Amino acid sequence: MRDSLLVNTSPHLHKKESVRRIMWLVTLSLVPSGFAGVFIFGLRALWAITLGVAAAVITEYILQLATKRKIAIFDGSAVLTGLLLAYNLPPDVPFWLPVAGSVFSIAIGKQVFGGLGQNIFNPALVGRVFLMASWPKYMTTFVKPLSYDAVTSATPLAALTKGEALESISYLDLFLGNRPGCIGEVCILALLIGAAFLLLRGYISWHIPFSFIISTGLFAYIFGAKPLFSGDWLANILSGGLMLGAFFMATDYVTSPLTYKGQVIFGAGCGLVTTVIRFWGGYPEGVSYAILIMNAATPMIDRYTRPRIYGT
Amino acid sequence: MRSLIKEFSKGITTLNPTFGLILGLCPTLAVSTSLFNALGMGIAATFVLVFSNMIISSLRNFIPARIRLPAYIVIIATFVTVCELVIKAYLPALGESLGIFIPLIVVNCIIMARAEAFASRNSVLPSVFDGLGMGAGFTVGISVIAFIRELLGSGSIAGHGLLKSNEFILVMILAPGALLTMGLLIALTRLLGITKR
């Protein structure tokens, strides 16, 4: 009798979705891209992915044990962080590089702030930027696709941002991933399969990825080549880590704005910073820095896009 | 005597300039790339801190309140000049690597803060001990940061290489490494209860 008189505050509707389920589904949606990366670059890519994921999970376990928090290694968030970090590495890295990156991602990018939901920056990108600043030689040595014997080669983006025309790489090659690059970023087709799954199931909204990609394409078209309005926007969209970043990292729930309006501002800002770094910055690729800079701006975006209280 | 010891020890523990008051960040971040430089900077700042505290506290009743900051800066700049000339004469290598950061001790906010908050309100002896404690706290703080950064970033301790390799964590001797080390050490000192929240 007493139980049936319980009065709770709203919300009263329950969905079976949970953080854990969403994390594992996002991980699942990244699997096609991993298969493509392993197919294109060979088994060493699989080693990098395995080591990255294992190091992330072990670090999470040790730190949660050390800080006497609930052990939550099966919620998928550490697996996802390790996976995204490994996808952001060139295939021919030494074995300790994904380990160092994952440990830094989880320890400094996430657990220092208090664990899942408290971090202000995307942990995987924190790890990538740490590796980029610490061991730039390994992070910028790319190998030719489908050669399996580690012939180094420049990425198409490096040529593109110097204003040179793309040689011997067609748009179809870019789309299918037949180009030098990071493990998980090369095969646009596989990334789009995963992204379509997330979009159709409603786990991510279109606002951030589409505004990110459109603004990158727009700014690349305007500023990408010497006379204005003649840049190769399609190649800019298809190369680098843009698709991986836009669909899987900029959309991280914790570090992106809450409202749709804020998400569009966030995505457009990411695109602007990406093109600025690509064309005028010291690094050839700017997606990771763009997302981190906009992560820092997220609280401010949230403050200015707070929805009006109904009736005021 | 007990109160003098307290004035000295508070600079190393609760009011540690680096981890407690979070003052003097400019030299802390810039010079802590090697232990040798950090120790040099710490000792130079301690020298200036002790003598400027001594002179300011003994002149505290003569300096008009309205022009006290220019007066402090003149006193501090005097000792910084002495310090700089001594380093250039006897330790030219240290002077070379510290460079602009020796003259910049004039505007080190630890020294200004202690002049304003302590030396102008207390008598000479406590001010000297306060300066000694603050200087020691600063030296310890900057040296611990430098030790960690040098070890991880270039694999050496005070210039003595430990391993024949060049694959150290480059970011640790860049600016982000300084901020990271500093942040983690502040967290650690608060966790251990050495400094207060």
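Counting only helices (runs of 4 or more DSSP H) that fall entirely inside the range A:57-134 and contain at least 3 residues that are free of Cβ contacts under 8 Å to residues at least 60 places away in the same chain, crowded, with 22+ Cβ neighbours inside 10 Å and touching a Leu at 6+ places or on another chain (Cβ under 7 Å), the qualifying elements are A:96-107, A:123-134.
Quick check on the range A:4-15. Is at least one of its residues touching a residue at least 12 places away in the same chain (Cβ under 8 Å) and part of a helix (DSSP H, G or I)? Looking through the range A:4-15, none of the residues is touching a residue at least 12 places away in the same chain (Cβ under 8 Å) and part of a helix (DSSP H, G or I). Scanning the range A:214-232 for residues that are polar (S, T, N, Q) and surrounded by fewer than 17 Cβ atoms within 10 Å (Cβ to Cβ) turns up just one, A:S230. Close Cβ contacts (under 6 Å, 6 or more residues apart or on different chains) running from residues in the range A:289-312 that are within 19 Å of A:T275 (Cβ to Cβ) to residues that are of a type in the set (V, I, T) and surrounded by 12 or more Cβ atoms within 10 Å (Cβ to Cβ) comprise A:Y289/A:I277; A:A290/A:V273; A:A290/A:T274; A:I293/A:V273; A:N295/A:T255. Among the residues that make up the range A:6-25, is at least one of them of a type in the set (D, E) and either surrounded by 13 or more Cβ atoms within 10 Å (Cβ to Cβ) or at pLDDT 90 or above (or both)? Scanning the range A:6-25, I find no residue that is of a type in the set (D, E) and either surrounded by 13 or more Cβ atoms within 10 Å (Cβ to Cβ) or at pLDDT 90 or above (or both), so the answer is no.
For the range B:163-191, a residue qualifies if it is more than 8 Å from chain A (Cβ to nearest Cβ), more than 13 Å from B:T33 (Cβ to Cβ) and either at pLDDT below 90 or touching a Gly at 6+ places or on another chain (Cβ under 7 Å) (or both), and the qualifying residues are B:L163, B:K164, B:S165, B:N166, B:L191.
When the range A:107-134 is filtered for residues that are of a type in the set (F, W, Y) and under 22 Å from A:P257 (Cα atoms), the ones remaining, listed by number, are A:F113, A:F121.
Scanning the range A:233-263 for residues that are among the charged types (D, E, K, R) and surrounded by 19 or more Cβ atoms within 10 Å (Cβ to Cβ) turns up just one, A:D252. Identify the residue in the range A:76-124 that is within 14 Å of another protein chain (Cβ to nearest Cβ) and touching a Phe, Trp or Tyr at 6+ places or on another chain (Cβ under 7 Å) and, among all such residues, is nearest to A:V254 (Cα to Cα). The extreme case among them is A:I120.
For the range A:85-106, the criterion of a residue being modelled with pLDDT under 95 and on the phi > 0 side of the Ramachandran plot is satisfied by no position.
The set of residues in the range A:166-203 being touching a residue at least 60 places away in the same chain (Cβ under 8 Å) and aliphatic (A, V, I, L, M) consists of A:L166, A:L174, A:I183, A:V186, A:L189, A:A190, A:L191, A:I193, A:A195, A:L198. For the range A:169-237, the helices (runs of 4 or more DSSP H) that sit wholly inside it and include 1 or more residues that are more than 29 Å from A:G52 (Cα to Cα) and among the hydroxyl-bearing types (S, T, Y) are A:171-176, A:207-223.
The values are calculated or read from the model by the stated rules, or taken from the named source; none is laboratory data. Fair warning: this is a prediction, and the values are worked out from it, not measured in the lab. In this analysis, Cβ positions are derived from the backbone assuming ideal geometry, glycine residues included, and neighbour counts consider all displayed protein chains.
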